[in-house]
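Colleague: Below you'll find the structure I mean.
The values are calculated or read from the model by the stated rules, or taken from the named source; none is laboratory data. Just so we're clear, the structure is a prediction, and the values are computed from it rather than from any experiment. Please note: Cβ atoms are built from the backbone with ideal geometry, for glycine as well, and neighbour counts cover all protein chains shown.
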């Protein structure tokens, strides 16, 4: 089977690019002695990708209960569920741990810490520290930190932080500065808790940009990153990786042609691409995605998806579109703004290795 | 089971609101003698909803091959697949028709018309006419129209148009004017083709706003509409329906609290809500959704989801949030900007009837 045989729209994963991205991250992490990589599977949501990204059932990060279950049952026992936990979800996680997993939860709330401590099942938790993202987490210098740690008692496994504000960076230097600020804050939090007698075996930090570009990770035991596996237009624009490192694209067919307006319609619209517009905030705005040829190469004028209807993507280009080569049914590929959201719109990956031959179909665990 | 027992995030459908919306559309269509309603199932993607919206296996519209198959196998034989068809998809549709369905395809392309005419299986097609939306369709006064109609020959079943530009309207008067312009153009196209001997039994027009608010539908045989079943914040803002008519919400749990910033985090983020920002263009901008209480009632200050991360939705409010009633794990509901995209993020509907009791779970046919 080749890319010409697949029903469109569908999701294409280039395994060669994926492996290159995984190697680049491994090398970046290996610069820091003693630092472990805990890949975040929220982007890939696939055991086949996890086999490459977290080989030998190494530690992973997940973002949903569905992922926690799917990966635990697949053999990945050492997990952090990196979204603030609610008391209602503890039973399900304790059940996974009874069955052999060690899924650690995160919290920044005193009542939840008490619920974790009081739960009859096996649980362990990290306290989430806000290192500047201003999303979740206890401020690193807050008195609440000690109260939560004390409440967790022996169930306290360490600290975690997310440097998602690195996405506001626009250069490798920005990423390095944000990584250093994250390190400074989470280590300050760790120092105060260790002085009070907490062991904190895990100090978990990260985001793809900071994992790749941090200069010093001393004191951090592990780094978490997810989007680096596949890359996307936004990450390319902010300097996390090169444009050629985008491993995931949407295969689409031409379903409309308007030479008088120099536009095409593709059968990849808002559902197949997502409505993410994150490149609106980057130097180059790719609309809802960059249109490539069937082999993933740029087209003249670098057309983009300017409008996204539910099942229609409207292509616009600065250069005349090659209508003679693009009859209805012709196939193109679209590189996504935000690969996590685009991938989540699809049930599986059709895997290629640089060419048009489809060498595998890999499943995903979507939903919650 | 009640709303307190469901895992979050998940999709809630209020069947009472749904039935009211269906009745309102039926009444609107009944104002026009001889006009049929062909509900578009692209929003609901559910046989249980279709039983109410297209009872007795009445005519429906679909937007994917997966929907065409699912509804044909469920008994809805009379379908229009209202996205420009490609030659590659004709075999699958002919197979459905061999099995008893009459799924009509649409095209605005001469080569595709020839492929439809030459296909060995049973097929029928409508020519798509551009009535001002400037997405798909042949201009109503184009010579291409006759060429396509002639090529289809006996497989020509009629004309169809989509007045999606009614979404740019901001009042009932706007909708009525756009409906009249659609009618004028598609009837002009029909007149020229009928003069050339084409019968055109179907003249299919529509969008939810124009189906509800058209003043005159003489000459139109059927109207298509989908989003009216569920409604959303965008449709409420442009005047299609009232705010109280939104039937679909996302049930979410509080997963973070920051009284110092007057913000909450919910476990409904970009995946559970979609990143649709259509209310950015309406009088009131709801961010990524309007936050309601567990019973679907407004909260003081009408908080919205201001930021949507993959699994986190950050709530902002003009009024102080009621933190005393919102511990971690407390439940809220979020009304969506664009119900078609939000619903597509979920596998099923949890059905309520005004209260908190969950009376059914209804499936959806997502993907392609």
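Colleague: Can you find a residue in the range A:323-333 that is part of a loop (DSSP other than H, G, I, E, B) and either over 23 Å from residue B:116 (Cβ atoms) or under 27 Å from the mean Cα position of the chain (by Cα) (or both)? Step through it out loud before you land on a result.
Modeller: Residues of the range A:323-333 part of a loop (DSSP other than H, G, I, E, B): A:326-330.
Remaining after also requiring either over 23 Å from residue B:116 (Cβ atoms) or under 27 Å from the mean Cα position of the chain (by Cα) (or both): none.
Looking for residues that are part of a loop (DSSP other than H, G, I, E, B) and either over 23 Å from residue B:116 (Cβ atoms) or under 27 Å from the mean Cα position of the chain (by Cα) (or both), one finds none in the range A:323-333, hence no.
Colleague: May I pose another question? Checking residue B:249 against (1) under 16 Å from residue B:176 (Cα atoms); (2) touching a strand residue (DSSP E or B) at 6+ places or on another chain (Cβ under 6 Å); (3) not assigned by TED's automatic domain parsing to the domain that holds residue B:58, which single condition isn't satisfied?
Modeller: (1)
Colleague: Quick check on residue A:37: is it in contact (Cβ under 8 Å) with a residue 60 or more places away in the chain, in the same structural domain as residue A:207 (by TED's automatic domain parsing), farther than 18 Å from residue A:362 by Cα and surrounded by 15 or more Cβ atoms within 10 Å (Cβ to Cβ)?
Modeller: Values: in contact (Cβ under 8 Å) with a residue 60 or more places away in the chain: yes; in the same structural domain as residue A:207 (by TED's automatic domain parsing): yes; farther than 18 Å from residue A:362 by Cα: yes; surrounded by 15 or more Cβ atoms within 10 Å (Cβ to Cβ): yes.
Spelling it out, residue A:37 is indeed in contact (Cβ under 8 Å) with a residue 60 or more places away in the chain, in the same structural domain as residue A:207 (by TED's automatic domain parsing), farther than 18 Å from residue A:362 by Cα and surrounded by 15 or more Cβ atoms within 10 Å (Cβ to Cβ).
Colleague: Go through the residues of the range B:49-69 one by one and say whether even a single one is farther than 30 Å from residue A:330 by Cβ, part of a helix (DSSP H, G or I), in contact with a helix residue (DSSP H, G or I) (Cβ under 6 Å, 6 or more places away or on another chain) and outside the structural domain of residue B:206 (by TED's automatic domain parsing).
Modeller: So far as the range B:49-69 goes, no, none of its residues is farther than 30 Å from residue A:330 by Cβ, part of a helix (DSSP H, G or I), in contact with a helix residue (DSSP H, G or I) (Cβ under 6 Å, 6 or more places away or on another chain) and outside the structural domain of residue B:206 (by TED's automatic domain parsing).
Colleague: Follow-up question, since we're still on this one. In the range A:43-63, how many are at negative phi and out of contact with any strand residue (DSSP E or B) (no Cβ under 8 Å at 6 or more places or on another chain)? Even if it seems obvious, please write down each step before you answer.
Modeller: Of all residues in the range A:43-63, those at negative phi come to A:43-44, A:46-55, A:58-63.
Applying the additional criterion that residues be out of contact with any strand residue (DSSP E or B) (no Cβ under 8 Å at 6 or more places or on another chain) yields A:43-44, A:51-52, A:55.
Number of matching residues: 5.
Colleague: Does the range A:302-311 contain at least one residue that is in contact with a helix residue (DSSP H, G or I) (Cβ under 7 Å, 6 or more places away or on another chain), under 18 Å from residue B:345 (Cβ atoms) and assigned to a strand (DSSP E or B)?
Modeller: Going through the range A:302-311, the residues in contact with a helix residue (DSSP H, G or I) (Cβ under 7 Å, 6 or more places away or on another chain) turn out to be A:305, A:308-311.
Keeping just the survivors that are under 18 Å from residue B:345 (Cβ atoms) gives A:308-311.
This time we only want the ones that are assigned to a strand (DSSP E or B), so: A:308.
The answer is yes, given that some residue of the range A:302-311 is in contact with a helix residue (DSSP H, G or I) (Cβ under 7 Å, 6 or more places away or on another chain), under 18 Å from residue B:345 (Cβ atoms) and assigned to a strand (DSSP E or B).
Colleague: Please go through the range B:49-61 and give me each residue that is touching a residue at least 24 places away in the same chain (Cβ under 8 Å), farther than 18 Å from residue B:348 by Cβ and within 14 Å of the chain's Cα centre (by Cα), ordered by number.
Modeller: Within the range B:49-61, the first condition is being touching a residue at least 24 places away in the same chain (Cβ under 8 Å), and the residues that meet it are B:49-50, B:52-53, B:59, B:61.
From what is left, the residues that are farther than 18 Å from residue B:348 by Cβ are B:59, B:61.
Within the range B:49-61, B:61 is the sole residue that qualifies.
Colleague: Across the range B:277-297, what is the number of residues that are touching a strand residue (DSSP E or B) at 6+ places or on another chain (Cβ under 6 Å) and away from every other protein chain (no Cβ under 12 Å)? If you could, list the steps in order and put the result at the bottom.
Modeller: If we filter the range B:277-297 for residues that are touching a strand residue (DSSP E or B) at 6+ places or on another chain (Cβ under 6 Å), which is where we start, we get B:286-292, B:294, B:296.
Retained after the next criterion (residues that are away from every other protein chain (no Cβ under 12 Å)): B:286-287, B:289-292, B:294, B:296.
Total meeting the criteria: 8.
Colleague: Can you confirm whether the range A:205-215 contains a residue that is in contact with a strand residue (DSSP E or B) (Cβ under 6 Å, 6 or more places away or on another chain) and assigned to a helix (DSSP H, G or I)?
Modeller: There is at least one residue in the range A:205-215 that is in contact with a strand residue (DSSP E or B) (Cβ under 6 Å, 6 or more places away or on another chain) and assigned to a helix (DSSP H, G or I).
Colleague: Now, a different point. For the structure I just gave you, tell me whether residue B:93 is touching a helix residue (DSSP H, G or I) at 6+ places or on another chain (Cβ under 9 Å), surrounded by fewer than 22 Cβ atoms within 10 Å (Cβ to Cβ) and within 14 Å of another protein chain (Cβ to nearest Cβ).
Modeller: Numbers: touching a helix residue (DSSP H, G or I) at 6+ places or on another chain (Cβ under 9 Å): yes; surrounded by fewer than 22 Cβ atoms within 10 Å (Cβ to Cβ): no; within 14 Å of another protein chain (Cβ to nearest Cβ): yes.
So residue B:93 fails the test.
Colleague: While we're looking at this one, here's another question. Would you check which residues across the range A:337-364 are within 12 Å of chain B (Cβ to nearest Cβ) and either assigned to a loop (DSSP other than H, G, I, E, B) or more than 21 Å from the chain's Cα centre (by Cα) (or both) and list them? Give the steps one after another, and end with the answer.
Modeller: So the first thing to find is which residues in the range A:337-364 are within 12 Å of chain B (Cβ to nearest Cβ), and the list is A:337-348, A:364.
Of everything in the range A:337-364, those that are within 12 Å of chain B (Cβ to nearest Cβ) and either assigned to a loop (DSSP other than H, G, I, E, B) or more than 21 Å from the chain's Cα centre (by Cα) (or both) turn out to be A:337, A:338, A:344, A:345, A:346, A:347, A:364.
So that you can scan it fast, the table gives a plain yes or no per residue for (1) surrounded by fewer than 24 Cβ atoms within 10 Å (Cβ to Cβ); (2) closer than 25 Å to residue B:226 by Cβ; (3) more than 14 Å from chain A (Cβ to nearest Cβ):
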position	(1), (2), (3)
B:119	yes, no, no
B:144	yes, no, no
B:148	no, no, no
B:151	yes, no, no
B:162	no, yes, no
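Colleague: Name, by its number, the condition in (1) within 16 Å of the chain's Cα centre (by Cα); (2) crowded, with 20+ Cβ neighbours inside 10 Å that does not hold for residue B:76.
Modeller: Residue B:76 satisfies all of (1) within 16 Å of the chain's Cα centre (by Cα); (2) crowded, with 20+ Cβ neighbours inside 10 Å except (1).
Colleague: When the residues of the range B:236-275 are narrowed to those that are assigned to a helix (DSSP H, G or I) and within 14 Å of chain A (Cβ to nearest Cβ), which ends up surrounded by the most Cβ atoms within 10 Å (Cβ to Cβ)? Let's see the steps before the verdict.
Modeller: Going through the range B:236-275, the residues assigned to a helix (DSSP H, G or I) turn out to be B:236-238, B:243-245, B:259-261, B:270-273.
Of the ones still in play, those that are also within 14 Å of chain A (Cβ to nearest Cβ) are B:259-261, B:270-273.
Values: B:259: 12, B:260: 8, B:261: 11, B:270: 25, B:271: 25, B:272: 28, B:273: 26.
The qualifying residue surrounded by the most Cβ atoms within 10 Å (Cβ to Cβ) is B:272.
Colleague: Would you check if there is a residue in the range A:98-112 being within 20 Å of the chain's Cα centre (by Cα), assigned to a loop (DSSP other than H, G, I, E, B) and either at pLDDT 95 or above or surrounded by 23 or more Cβ atoms within 10 Å (Cβ to Cβ) (or both)?
Modeller: The answer is no, given that none of the residues of the range A:98-112 is within 20 Å of the chain's Cα centre (by Cα), assigned to a loop (DSSP other than H, G, I, E, B) and either at pLDDT 95 or above or surrounded by 23 or more Cβ atoms within 10 Å (Cβ to Cβ) (or both).
Colleague: Filter the range A:169-183 for residues that are without any contact (Cβ under 8 Å) to a residue 40 or more places away in the chain and more than 9 Å from residue A:213 (Cβ to Cβ) and give the result.
Modeller: A:177, A:180, A:183
Colleague: Right, something else. Would a scan of the range B:242-250 turn up a residue that is free of Cβ contacts under 8 Å to residues at least 24 places away in the same chain, out of contact with any helix residue (DSSP H, G or I) (no Cβ under 7 Å at 6 or more places or on another chain) and closer than 24 Å to residue B:9 by Cα?
Modeller: Taking every residue of the range B:242-250 in turn, none turns out to be free of Cβ contacts under 8 Å to residues at least 24 places away in the same chain, out of contact with any helix residue (DSSP H, G or I) (no Cβ under 7 Å at 6 or more places or on another chain) and closer than 24 Å to residue B:9 by Cα.
Colleague: Residues in the range A:220-235 that are in a strand (DSSP E or B) and either away from chain B (no Cβ under 14 Å) or at pLDDT below 95 (or both): how many?
Modeller: Kept after step one, since they are in a strand (DSSP E or B), are these residues of the range A:220-235: A:222-225.
Then keep just the ones that are either away from chain B (no Cβ under 14 Å) or at pLDDT below 95 (or both); that gives A:222-223.
Going through the range A:220-235 one residue at a time, the tally reaches 2.
Colleague: Any idea which of (1) assigned to a helix (DSSP H, G or I); (2) under 25 Å from the mean Cα position of the chain (by Cα); (3) surrounded by 16 or more Cβ atoms within 10 Å (Cβ to Cβ) is the one residue A:85 doesn't satisfy?
Modeller: Against the list (1) assigned to a helix (DSSP H, G or I); (2) under 25 Å from the mean Cα position of the chain (by Cα); (3) surrounded by 16 or more Cβ atoms within 10 Å (Cβ to Cβ), residue A:85 comes up short only on (1).
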